[in-house]
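Only one structure is covered here, and it is reproduced in the block below.
Taken together, the values in this text are just the output of simple stated rules run on the coordinates, not laboratory data. No experiment lies behind these values; they were computed from the predicted model shown. As a convention, Cβ positions derive from the backbone with ideal geometry for all residues, glycine included, and neighbour counts pool all protein chains shown.
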Amino acid sequence: MFMRNNEKLIKLAKELREAKIDFSDARGGQIDLKNEKILIAGKMKAYRLIYKLTQEELAKKINVAKLQIIRWEGGKNMPSKMALEKLKAAGII
């Protein structure tokens, strides 16, 4: 039972990782930060699930503090432009 649920989670995580993040929209470049935070948080969590990383390991991978990963995954903060570039370069988002 656990294995089947884990396989479902990994499948969902992979589908989420394929979702596109578009930081612009038709309203003059305004973005919905709440939805973007949720999508980034989900993609980060999915990445960690797929690659079996802890928040600390992910933080080391992109050279940020673990607390930042916790805040981003929790949707409390939006990564800075520089942090977004690091996440993109690492293939996380």
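Past 18 Å, Cα to Cα: identify those pairs from Lys37/Lys61; Lys14/Lys43; Lys14/Lys52; Lys8/Lys60; Lys14/Lys34; Lys11/Lys43, in the order given.
Working: Lys37/Lys61 20 Å; Lys14/Lys43 9 Å; Lys14/Lys52 13 Å; Lys8/Lys60 28 Å; Lys14/Lys34 22 Å; Lys11/Lys43 13 Å.
Long pairs (Cα-Cα over 18 Å): Lys37/Lys61; Lys8/Lys60; Lys14/Lys34.
For the stretch 79-91, just list the computed ³J(HN,Hα) in residue order, Karplus coefficients 6.51, -1.76 and 1.60, θ = phi - 60°, integers in Hz, with x standing in for Gly and Pro.
Result, rounded to whole Hz: x, 5, 4, 5, 5, 4, 5, 4, 5, 5, 4, 7, x.
Starting from 0.36 nm per residue, how many nanometres of slack lie between Lys8 and Lys88 once their C-alpha separation is accounted for?
This chain segment gains 26.3 nm when fully extended.
Using the basic label-point model (7 angstrom from Cα toward the beta carbon), what is the Glu57 to Ile38 distance in nanometres?
In this crude label model, Glu57 to Ile38 measures out at 2.9 nm.
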